Amino acid sequence: MDSDVERNTRAIEDTVVTDFDDRMSYGGYLDLATLLSAQRPLSDPEHHDELLFIVQHQTSELWLKLVLHELSAACRLMREDTLAPALKCIARVKHIQKTLTDQWSVLSTLTPAEYAEFRGVLGNASGFQSPQYRAVEFTLGNKNRGMLRVFAAEPESLALVQAALEAPSLYDEFLRLLARAGYPVPAAVLDRDVTEPWRYDPALVPVFTAIYTDPSNNWAAYETCEELVDLEDNFQLWRFRHLRTVERIIGMKQGTGGSSGVPFLRRALDLTFFPELYAVRTELGA
């Protein structure tokens, strides 16, 4: 038997680099010193579970950064009528959404008693104030100019959210692409004020009905419609898991940011990004 196997070890190959005096290392490339020093619990004495709470939200912010990166690229590619690479970006976002949703199961291991022991150190800090989350919602069409007030004290955050507010949403870009491709998208849709939240427009339903009735001759548009439906379904699953996790940990208490908590989160489930893509299903078949 191989001696390494007997010792339950693995020999380091001679070609493996071990001297990093003047080479780029893993920690250097990722700036791990900065990343791993960003978790600073405020409870005193430090509560064991506060690190879980911080890591949960910091990792979510990192994923949201990538979601914004991919959605921004998807919007740009649609403006350039380059649909296939845009769909690749959307596919990546869908996988990130699954990861974000699954993460709630980790936070759900935090019991009400454990959270109560350090909740006070949060003050009024709340996920409601996440600029990246808000920018994602805006990029998908759920815009609300009133949210800018939340970021007035943070110029960089305000700039991020305001840019997302003022830019066409992913859905806007898709509808403009369809119009350029010859689909009869109403002019009022193309000329709308993109800073306003998307609202259901029945005039769009016949456009999608034609696409869904003959997918083989409208495959690119048809595929994109279904990808957008996947995005919305995933987002609603994330919202639901958020709601249930909050209810599990704090019950019906008011949120740290001043919201009503669970009732406020429940109302988010009524918000939609692409309502016509759901409405078209009623029109299909008998």
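The values are calculated or read from the model by the stated rules, or taken from the named source; none is laboratory data. It should be emphasised that the depicted structure is a prediction, and the values quoted were computed from it without experimental measurement. Note that each Cβ is placed from the backbone with ideal geometry, even for glycine, and that neighbours are counted across all protein chains shown. To get the accessible areas, we keep the full protein, side chains included, count just its heavy atoms, and leave off ligands, DNA and RNA. Shrake-Rupley method; radii C 1.70, N 1.55, O 1.52, S 1.80 Å.
Tell me the label only: which of (i) -0.41, -0.50, -1.22, -1.35; (ii) -0.57, -0.68, -1.29, -1.40; (iii) -0.65, -0.76, -1.22, -1.31 is log10 I(q)/I(0) by the Debye sum over Cα atoms at q = 0.09, 0.10, 0.16, 0.17 Å⁻¹ as calculated from this structure?
The listed entry that was calculated here is (ii).
Just tell me, in residue order, which DSSP H segments of the chain are both 24 angstrom or longer along the helix axis (alpha-carbon based) and at least 0.0 in mean Kyte-Doolittle hydropathy.
Qualifying helices: 50-79, 83-107.
Students often check this: by mean Cβ neighbours within 10 Å, which of 72-83, 118-129 ranks highest, and how do the rest follow?
72-83, 118-129
What percentage of the solvent-accessible surface of segment 152-286, computed with a 1.4 Å probe over protein heavy atoms, is contributed by carbon and sulfur atoms?
About 56 percent, which is the carbon plus sulfur part of the accessible surface.
Any idea of the accessible area per residue across segment 163-278, 1.4 Å probe, to the nearest Å²?
On a per-residue basis, segment 163-278 sits at 47 Å².
Take every Cα pair under 8 Å in segment 47-152 that's 6+ residues apart, average their separations, divide by the length, and report that relative contact order as a whole percent.
Dividing the mean separation by the residue count of segment 47-152 yields 36 percent.
Between segment 114-129 and segment 163-216, what's the alpha-carbon centroid distance in Å?
Cα centroid to Cα centroid, the span is 40 Å.
Calculate, for segment 29-93, the solvent-accessible area per residue in square angstrom, rolling a 1.4 angstrom probe over the heavy atoms of the protein chains.
Accessible area per residue: 60 Å².
Suppose every K and R has +1 on its Cβ and every D and E has -1 on its Cβ; what is the size of the dipole of the chain about the Cα centre, in Debye to the nearest 20?
That gives the chain a dipole magnitude of about 1120 debye.
State the percentage of accessible surface on segment 99-151 attributable to carbon and sulfur atoms; use a 1.4 Å probe and exclude ligands, DNA and RNA. Mind showing how you got there, number by number?
Working: 1270 of 2300 Å².
With neighbouring chains kept in place, the figure for segment 99-151 is 55 percent.
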